[in-house]
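The values are calculated or read from the model by the stated rules, or taken from the named source; none is laboratory data. Keep in mind that what you see is a predicted model, and the values were worked out from it rather than measured. For neighbour counting, all protein chains shown are included, and Cβ atoms are generated from backbone atoms with ideal geometry for every residue, glycine included.
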Amino acid sequence: MRAEPFVHRSDIGRKAVEWLGLLRDRTRPRPDLSVEISRCALLVIDMLRYFAHSGGRAYIPSSEAVLPGLGRLLQLWRGSGGTVVFTRHCHSGPEDLGMLGRFFVDHIRCGERDSEIIRELEPLPTERVYLKNTYDAFHGTGLEEYLLETGLEQVLITGVLTQMCCETTARSAFVKDFEVFVPVDALTTTTEELHLCSLMSMASCCAVMTSTEELLNGS
């Protein structure tokens, strides 16, 4: 599906309010679940040049709109002593493509420039970066073990693509008994339809919806 520039920096705040309104109208509130930075890992999923740079082979135009909010969340977590974790999706060769190799024509090769995290979100030397070769950030990466070792019980999921790696990771985290939160304006995909359908699916079964503004304001 061709990627559409369905949201821009200038209107991402308005769209977040609109999306949250739709989601909260259709899912029941979960007042017992709220983000606590000391207990919550900020997961930045696959914000690679492949997806989030205008020269990337699978560039998603709306990724530019979520960058400011993602940057502010990084500042908040780092400034509060919170845990930040990044993932990089890439493949070492045909042997680790699995079903992705049969489903898609192109794939991200480990070591190529497109597999690098974009400069605007460059991880700090102390922050974990997990390589993965499928949608689920927990699958075969050691992420679950790291979160448990550090006593974390929540994850805040950001990045790309909403209905692929982000949603799969959210469901996986839920099954592993983590509390899952999703800021609707800090992850994105190719079309607004896919974005909203995925958010609705997660809100109905495994994740609490929020926004960067709510998180920054502590609400």
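Some observations on this one:
- Residue in region 3-17 that is at pLDDT below 95, surrounded by 15 or more Cβ atoms within 10 Å (Cβ to Cβ) and among the hydrophobic types (A, V, I, L, M, F, W, C) present: yes
- Of all residues in region 164-197, those satisfying the criterion of being crowded, with 21+ Cβ neighbours inside 10 Å and without any contact (Cβ under 8 Å) to a residue 40 or more places away in the chain are Glu167, Ala170, Ala173, Phe178, Val180, Val182.
- Scanning region 33-82 for residues that are free of Cβ contacts under 8 Å to residues at least 40 places away in the same chain and part of a helix (DSSP H, G or I), we see that the one that is surrounded by the fewest Cβ atoms within 10 Å (Cβ to Cβ) is Gly79.
- Summed over region 166-219, residues that are among the polar types (S, T, N, Q), in contact with a strand residue (DSSP E or B) (Cβ under 7 Å, 6 or more places away or on another chain) and closer than 15 Å to Ile37 by Cα total 3.
- Inside region 96-120, residues that are exposed (fewer than 15 other Cβ atoms within 10 Å of the Cβ), charged (D, E, K, R) and either more than 13 Å from Thr134 (Cα to Cα) or modelled with pLDDT of 95 or more (or both) make up a count of 6.
- Residue match in region 83-105 (condition: farther than 22 Å from Val175 by Cα, without any contact (Cβ under 8 Å) to a residue 40 or more places away in the chain, in contact with a helix residue (DSSP H, G or I) (Cβ under 9 Å, 6 or more places away or on another chain) and in a loop (DSSP other than H, G, I, E, B)): no
- From Gly159, Gly151, residue being buried (at least 24 other Cβ atoms within 10 Å of the Cβ), touching a residue at least 40 places away in the same chain (Cβ under 8 Å) and on the phi > 0 side of the Ramachandran plot: Gly159
- Only residues that are within 18 Å of the chain's Cα centre (by Cα) and farther than 16 Å from Glu214 by Cα were counted across region 9-20, and they come to 1.
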